[in-house]
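The values are calculated or read from the model by the stated rules, or taken from the named source; none is laboratory data. Only a predicted model underlies this, so the values are computations on that prediction, with no experimental measurement involved. Ideal geometry is used to build each Cβ from the backbone, glycine not excepted, and the neighbour counts take in all protein chains shown.
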Amino acid sequence: MPKTVCEKVAAVAGAKKKRDNDVTNELIKKVTDHARHCGPSAAAKKFDVSQSQAWKWHEAFKKSDFKIYSTVQKRGRSSVLSEFEQTECLKYIDATRNTFKEQLTSSVVSAAAQGVVMQSGAARLKDNGGTLILGKTWANKFMKRHKMGKYAATTNRTVPSSEIAKQGPPFYKAISDTKVPMSLTFNVDEFFCLLSGSTKRWTWHRCSASRAVPLRETKLGFTMSVLTSADGHLHNMQMIWQGKTERSCAEAVTPDDRIWQCFREDSHFQNAETWSTWMTKFIEVVVEQRKRLDLNVDVPACLIADAAPQHAVTTQQAELLKKHNIYLVQVPDKMTHCFQPADQFIIKTIKEKMTQSFLRYIRVVVAAYGVNKAVCEIYTNCCTHLRKVKYELLRQAISNTPSSVIVKSWEESGILRESFKIATTRDLPFDIFCAEAGEVTVVISDDDERSRRRKKSTLTTRQAPMKKMSMTKNLCQSVLSSLQKTLCLMFPLSS
């Protein structure tokens, strides 16, 4: 009897040959073994594969000297590193994470991988003329591929825009009422720096019970404070070490007078004791600044600081400030991202320069000594070698920080415009957050230097075409001028 339509479709579907998704290494091995003795056609019929596919496997099987041949390829791109290089990278990660209890960022893994590649062939890297780029994206995928996970971000808190707009004018007025010159207006702020990057926010770890490493215990972190003035000068950096004696401080290879070192037994964070030591040094800076500018002792000075608990002024400190004619102005609580100059660009620039230098240091050490010795070189000699490295990285960072960054930070805070009446191109912080109708909530992270205001410049519908026309006009003028110079060189005018 003739088959129905459904039976025909079922017969065709049942007789359909194996698809690529059904092909496995075991099937290829069975087909090639059977084809070796009985021929490809018999093997295709027995294992229900197409004859052309069986012939391809059989020919490839003969070319490989009758070794097991597999055409099943793994999905995705091939690895940019060899198996040996991947093993070396994993050694660095495991030694850092398990032996020395340090967390990792994608920047550190990227630098270590570049150092491993430099051992075998530095010409492969793009910086040396090659095509290999081992950036943060590759490092994230590499760590995710080897079963590492991200550590969650810190919690956020919120400040309403109305409160920012309310606290702005009194803060600026308090500075202008002191009638202090710009050269004697100072700002100080402490910050915690991790050489490997922002491990407090995002980090990678092996999936285990103990995921996070406390910031107090990390060997790549240390606390500093920065003192700048409104005229664009960076006066000093305070480095705080954990230890009982002066031996815990770094032995500077190239000393810098702007770096002050102090120590405390409990931890390397700022407290009332280290703040009191810093206050004594600050008064010396004010006295030297007056002498350098040939100013009278009666000319007042001003110190802008945030409302941190360690900044509480004691009676002795208040008398000392009054004796030297120094005013203390406090930044509104939870608003340092708007009104404190150090939290605009200064701290961010110093951190970025130190991190970039440290990553270059890792790349060079791994390339020179190998993974095992490099990890010991970086982490084992923490009290001596690593502290020297930190001091040198800080010295290079503040030497390469231009005064324009400091001036822009003071402009961004609005102090130059409102307190000193200097025209700037930047708007006030609270002007951005004030809404004409309704309440706007501004998200502030725990890290003040990371949670500074990020202003997005937008063009209106009328400004955008005008800007595009001006750019086109400038481009045409530059092309015409270059063409005119070329013609003059090719066809000089006869005198």
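Brief remarks follow.
- Among the residues making up the stretch 66-98, a single one is at pLDDT below 80, surrounded by fewer than 17 Cβ atoms within 10 Å (Cβ to Cβ) and aromatic (Phe, Trp, Tyr): PHE66.
- Selection within the stretch 48-65: residues that are touching a helix residue (DSSP H, G or I) at 6+ places or on another chain (Cβ under 9 Å) and among the small types (Gly, Ala, Ser). The member of this set that is modelled with the lowest pLDDT is ALA60.
- Under the condition of being among the hydroxyl-bearing types (Ser, Thr, Tyr) and crowded, with 21+ Cβ neighbours inside 10 Å, the residues counted in the stretch 326-354 number 1.
- Annotation note: Cβ proximity below 8 Å between a residue of the stretch 386-400 that is crowded, with 17+ Cβ neighbours inside 10 Å and a residue that is basic (Lys, Arg) and not in a helix (DSSP H, G or I) (sequence gap 6+ or interchain) occurs for LEU386/LYS219; ILE398/ARG258.
- Taking every residue in the stretch 261-287 that is in contact (Cβ under 8 Å) with a residue 60 or more places away in the chain and pairing it with any residue that is assigned to a helix (DSSP H, G or I), at least 6 positions away or on another chain, the pairs with Cβ-Cβ distances below 6 Å are GLN270/GLN310.
- Residue within the stretch 240-250 that is assigned to a helix (DSSP H, G or I), under 15 Å from HIS324 (Cβ atoms) and among the acidic types (Asp, Glu) present: no
Residue-by-condition table, conditions (1) at pLDDT 85 or above; (2) among the hydrophobic types (A, V, I, L, M, F, W, C); (3) in contact with a Ser or Thr (Cβ under 8 Å, 6 or more places away or on another chain):
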site	(1), (2), (3)
LEU234	yes, yes, yes
TRP241	yes, yes, yes
SER248	no, no, no
TRP260	yes, yes, no
THR274	yes, no, no
TRP278	yes, yes, yes
VAL287	yes, yes, no
LEU293	yes, yes, yes
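- Qualifying residue in the stretch 145-159 (condition: modelled with pLDDT of 85 or more and aliphatic (A, V, I, L, M)): no
- Scanning the stretch 259-276 for residues that are surrounded by fewer than 16 Cβ atoms within 10 Å (Cβ to Cβ) and of a type outside the set (Asp, Glu) gives SER267, ASN271, ALA272, SER276.
- Cβ-Cβ contacts under 6 Å between residues 6 or more apart (or on different chains), taken from a first residue in the stretch 319-331 that is farther than 23 Å from ILE164 by Cβ to a second residue that is part of a helix (DSSP H, G or I) and not aromatic (Phe, Trp, Tyr), are listed as HIS324/ILE283.
- When the helices (runs of 4 or more DSSP H) confined to the stretch 272-355 are screened for residues that are in the same structural domain as SER403 (by TED's automatic domain parsing) and closer than 16 Å to TRP410 by Cβ, those reaching at least 3 such residues are found at 336-339.
- Condition check for THR223: of a type in the set (Val, Ile, Thr), closer than 27 Å to ARG360 by Cβ, at pLDDT 75 or above and in the same structural domain as LYS348 (by TED's automatic domain parsing): yes
- Restricting the stretch 99-144 to residues that are aromatic (Phe, Trp, Tyr) and surrounded by fewer than 23 Cβ atoms within 10 Å (Cβ to Cβ), the residue that is modelled with the highest pLDDT: TRP138
- As a summary of the residue check, ASP343 satisfies the conditions (1) in contact with a helix residue (DSSP H, G or I) (Cβ under 9 Å, 6 or more places away or on another chain); (2) farther than 19 Å from MET182 by Cα; (3) not aliphatic (A, V, I, L, M) except for the one numbered (2).
- Taken as a whole, the condition of being over 32 Å from the mean Cα position of the chain (by Cα) and among the polar types (S, T, N, Q) does not apply to THR254.
- If you go through the stretch 171-204 and keep only what is modelled with pLDDT under 80 and either in a loop (DSSP other than H, G, I, E, B) or surrounded by fewer than 19 Cβ atoms within 10 Å (Cβ to Cβ) (or both), you end up with SER196, GLY197, SER198, THR199, LYS200, ARG201, TRP202, THR203.
- Meets criteria (at pLDDT below 90, over 20 Å from the mean Cα position of the chain (by Cα), within 29 Å of PRO160 (Cβ to Cβ) and hydrophobic (A, V, I, L, M, F, W, C)) for CYS376: no
- Odd one out for THR228 among (1) closer than 27 Å to SER276 by Cβ; (2) buried (at least 23 other Cβ atoms within 10 Å of the Cβ); (3) modelled with pLDDT under 80; (4) β-branched (Val, Ile, Thr): (3)
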